[in-house]
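So the structure is just underneath, and the comments pick up after that.
The values are calculated or read from the model by the stated rules, or taken from the named source; none is laboratory data. Quick caveat, the model's predicted, so the values are computed rather than measured. Heads up, the Cβs are rebuilt from the backbone with ideal geometry, glycines too, and the neighbour counts pull from every protein chain shown. These accessible areas exclude ligands, DNA and RNA; they are computed on the full protein's heavy atoms, side chains included. Shrake-Rupley method; radii C 1.70, N 1.55, O 1.52, S 1.80 Å.
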Amino acid sequence: MEAKQMTDVRVTKLLEKMTLDEKIDQLMQLAAFFYDGASSDGEITGPMEDLGISKQTIHNSGSVLGGSGAKEVISIQKEHLKTNRLGIPLLIMADIIHGFKTIFPVPLAIGSSWDVRLAEKSAEIAALEASVAGVHVTFAPMVDLVRDPRWGRVMETTGEDPFLNGEFAKAFVRGFQGENVTNDTNRVAACVKHFAAYGAPEGGRDYNTVNMSERDLRENYLPAYKAALDAGAQMVMTAFNTVDGIPASGNEKLMRELLRDEWGFDGVVISDWGAIKEMIPHGIAADESEAAKKGLKAGVDIEMMTSTYVKNLQTLVEQGGISEELINESVRRILQLKEKLGLFENPYRGANEQLEEELVFSEEHRQIACELATKSSVLLKNKHVLPLDREQKVALIGPFAHNGDVLGPWSWAGSRENAVKVDEGIKTKIDPVNLIVAQGCDIDTGTEEQVAKAVQAASTADVIVLALGERSEMSGEAGCRADIRLPQVQLDLIKEMKKLTKPIAIVLFNGRPLDLHGVLDQADAVLEAWYPGSEAGTAIADLLYGDVNPSGKLPMSFPYSVGQVPVYYNHYNTGRPDINKSPAERYVSKYLDIPNEPLLPFGFGLSYTTFQYSDTKISSDTLTSDSEITISTHITNTGNVAGEEVVQLYVRDMVGEVVRPIKELKGYEKVHLNPGEKKEVTFILTEEQLRYFHADLSFTSDPGKFTVFVGPNSVDGAELTFELIN
Ligand code: GLC
């Protein structure tokens with residue numbers, strides 16, 4: 001008998017033995033501290049009473065959020081199997097977003113690497129560390145497309161482009177799950193989130209309303225979720241926000257008609273934390289019973305951290321509000337996932353205290369974290385200051401000069417204490433006598449004494465390195481900012497350092513694109529480090545001293561001002577584009593006080609070397625639905641150090657049935673070139689890549705003219721044209 005059939009038979013038999021009460025309790029997920037055997041001892045009375053649930057409910061429940069390691073998870077599972085009548089094991093789920101204990105750069109940084117191979121490797125390591133610590137499912141990848149840096153969770157995404165987000169979504173799922181998550185207990189099941197369009201809240205304010213056409217949703221926001229599911233992601237998490245006026249967790253059109261019926265997803269859907277009950281404040285459920293009904297009817301199988309299901313579904317079945325079959329459907333999917341992960345044979349899966357001791361935060365893992373951090377940093381400016389010379393006397397100044405807050409939000413078991421700080425990294429490169437460190441100010445407060453000490457330190461140096469940025473709580477969930485500049489005290493510190501007329505390099509630690517006025521214009525060099533993770537100091541020192549040449553490219557535009565937001569490269573042209581940039585020309589789409597263009601565009605990033613593009617060609621000026629076009633270019637390293645360049649291919653559909661973006665990323669290749677080396681890079685373009693959602697939501701291409709752009713970012717590059725013909 002086929003494994004799938006075996007699964008179904010066993011699941012069906014188990015389902016038949018379960019009482020309605022036991023089935024309903026399988027649909028609840030609580031945090032680890034509620035469970036017997038959890039390391040945080042003692043009766044959890046407050047939250048449990050708030051939830052209005054009994055111990056029996058917990059003994060029947062289906063999954064756990066969290067768990068601090070193999071010892072605790074094994075203990076919880078062991079205790080649970082003693083009290084669960086049918087011996088149904090718990091699923092252990094956790095937010096392993098960019099590392100378990102070895103913390104990799106935040107996903108927005110990983111997106112800056114344009115290196116999906118390393119992204120996959122980081123997810124594989126995260127899965128290995130999490131699995132030996134007892135985790136079965138990770139609430140990742142988060143693939144919400146973003147265009148608004150005021151939103152705190154942009155750090156958790158790979159940016160503003162549907163194609164690039166899709167490439168990373170697939171890479172993360174491959175890394176987490178491997179070829180066969182069933183047989184490989186050192187992998188974890190991936191749960192793609194947050195379905196859908198959580199990254200587009202009005203005003204950039206978390207949990208806020210999302211308003212867009214279905215066409216825009218399908219064109220820009222859904223592709224990365226689909227890519228993750230096509231790569232085999234086992235679960236989906238709902239978003240907090242409304243989608244066309246209905247919260248995702250109760251949105252049948254989104255969660256059933258599209259996700260399950262149209263896309264064919266038959267895996268487990270879990271709500272985000274409390275999102276089922278939040279349908280009451282959203283105003284589409286009058287009470288918990290209605291919220292529970294809407295959630296289950298929408299196909300949300302697991303309710304995270306609220307208890308509307310366990311408190312209301314039995315009554316709803318008895319009163320005919322919902323059918324027991326609807327409950328059976330959800331329980332079946334949960335049992336099938338447990339079966340697929342082998343939990344009935346081995347409820348502890350990969351949990352292993354000894355392996356946890358050996359593998360977690362290993363030197364090998366940290367080396368990969370360092371490599372990814374060096375590739376994720378973006379050189380935004382460099383007027384002959386970087387790389388530093390080891391003989392130079394360096395004044396390292398700023399709140400991030402010696403600061404462990406370099407892991408970023410969602411750093412599960414990561415330790416700031418264990419993170420390599422910037423000064424520690426630099427000390428491995430130079431004679432400590434050539435390094436002087438002063439804080440200069442805190443993140444958003446400071447004293448004259450701090451500034452005086454910094455001025456004193458800097459006055460003795462050949463070069464000033466300012467380590468500045470946001471504390472990680474200033475981004476991440478509910479970390480939204482209306483003012484996206486550096487805190488004023490840091491801008492003031494830059495001005496004080498500027499008075500010393502010495503070379504200044506600024507390294508930024510932040511979770512979002514910032515308004516860099518007062519930073520980019522003041523410094524001679526700026527390196528965007530985002531939150532580099534456990535090996536921050538090592539990676540930054542490698543980059544500052546040129547042991548690694550920066551190669552990152554921005555996956556999200558840096559606005560000229562927050563007044564521009566939302567600002568993104570793949571925008572529409574409008575009927576009055578500001579082509580002439582003439583102050584005299586008033587009646588065009590522009591601001592009176594700032595330019596339309598972002599300060600730094602999508603795809604932008606510099607290097608310590610220079611690259612020259614030449615001989616860009618197109619194989620044909622016509623394309624049909626059964627032909628393909630080759631676009632080729634040559635790139636030469638015209639500098640004197642080796643480096644990597646991300647060659648980018650964009651396409652513009654000149655005339656569509658609906659307006660089309662002025663350009664769309666359709667391909668890229670990151671190439672390594674030694675000094676003087678020249679390489680040819682080629683891209684294949686087919687009609688399929690030119691398809692888009694029409695007004696009637698059909699996904700097709702139109703014959704007509706297209707322009708191709710090949711270059712180092714979304715603004716510069718050679719242009720070529722071709723025509724798609726029937
Ligand atoms: C949070 C986040 C979600 C996370 C969940 C569990 O509210 O929105 O991304 O997976 O709760 O921690």
Under the condition of being part of a loop (DSSP other than H, G, I, E, B) and charged (D, E, K, R), which residue from segment 409-455 is nearest to A541 (Cα to Cα)? K429
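What number of residues within segment 140-182 are part of a loop (DSSP other than H, G, I, E, B) and either free of Cβ contacts under 8 Å to residues at least 24 places away in the same chain or within 12 Å of the ligand (Cβ to nearest atom) (or both)? Steps first, answer last, please.
Our first condition is that a residue be part of a loop (DSSP other than H, G, I, E, B); within segment 140-182, this holds for 140-141, 143-151, 157-161, 178-182.
From what's left, either free of Cβ contacts under 8 Å to residues at least 24 places away in the same chain or within 12 Å of the ligand (Cβ to nearest atom) (or both): 140-141, 143-144, 157, 179-180.
Qualifying residue count, segment 140-182: 7.
Inspect segment 493-504 for any residue being of a type in the set (D, E), assigned to a loop (DSSP other than H, G, I, E, B), open to solvent by 20 Å² or more (accessible area, probe 1.4 Å) and in contact (Cβ under 8 Å) with a residue 12 or more places away in the chain and give the result as yes or no.
As a first pass, look at segment 493-504 and keep what is of a type in the set (D, E): 496.
Narrowing the set further to residues that are assigned to a loop (DSSP other than H, G, I, E, B) leaves none.
No; the residues of segment 493-504 include none that is of a type in the set (D, E), assigned to a loop (DSSP other than H, G, I, E, B), open to solvent by 20 Å² or more (accessible area, probe 1.4 Å) and in contact (Cβ under 8 Å) with a residue 12 or more places away in the chain.
On the given criteria, is I270 β-branched (V, I, T) and more than 16 Å from the ligand (Cβ to nearest atom)? If you could, list the steps in order and put the result at the bottom.
Numbers: β-branched (V, I, T): yes; more than 16 Å from the ligand (Cβ to nearest atom): no.
It is false that I270 is β-branched (V, I, T) and more than 16 Å from the ligand (Cβ to nearest atom).
For (1) within 25 Å of A285 (Cβ to Cβ); (2) crowded, with 24+ Cβ neighbours inside 10 Å; (3) modelled with pLDDT under 95; (4) assigned by TED's automatic domain parsing to the domain that holds F693, each residue gets a yes or a no:
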position	(1), (2), (3), (4)
S213	no, no, no, no
E252	yes, no, no, no
D261	yes, no, no, no
S271	yes, yes, no, no
How many residues of segment 285-310 are out of contact with any Ser or Thr (no Cβ under 8 Å at 6 or more places or on another chain) and surrounded by fewer than 19 Cβ atoms within 10 Å (Cβ to Cβ)? The answer is 4
Members of segment 273-284 found to be open to solvent by less than 60 Å² (accessible area, probe 1.4 Å) and near the ligand (Cβ under 9 Å from one of its atoms), listed by number: G274, A275
Does G267 count as without any contact (Cβ under 8 Å) to a residue 40 or more places away in the chain and not hydrophobic (A, V, I, L, M, F, W, C)? no
Going by the conditions given, is L128 over 26 Å from N418 (Cα atoms), assigned to a helix (DSSP H, G or I) and either modelled with pLDDT of 95 or more or in contact with a Leu (Cβ under 7 Å, 6 or more places away or on another chain) (or both)? no
Of those in segment 551-608 that are among the basic types (K, R) and on the phi < 0 side of the Ramachandran plot, the residue least open to solvent (accessible area, probe 1.4 Å) is K553
Within segment 59-77, considering residues that are touching a strand residue (DSSP E or B) at 6+ places or on another chain (Cβ under 6 Å) and either more than 13 Å from S39 (Cβ to Cβ) or at pLDDT 95 or above (or both), the one surrounded by the most Cβ atoms within 10 Å (Cβ to Cβ): V73
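Can we say M237 is open to solvent by less than 10 Å² (accessible area, probe 1.4 Å) and either within 16 Å of the ligand (Cβ to nearest atom) or not in a helix (DSSP H, G or I) (or both)?
Values: open to solvent by less than 10 Å² (accessible area, probe 1.4 Å): yes; either within 16 Å of the ligand (Cβ to nearest atom) or not in a helix (DSSP H, G or I) (or both): yes.
Against the criterion (open to solvent by less than 10 Å² (accessible area, probe 1.4 Å) and either within 16 Å of the ligand (Cβ to nearest atom) or not in a helix (DSSP H, G or I) (or both)), M237 qualifies.
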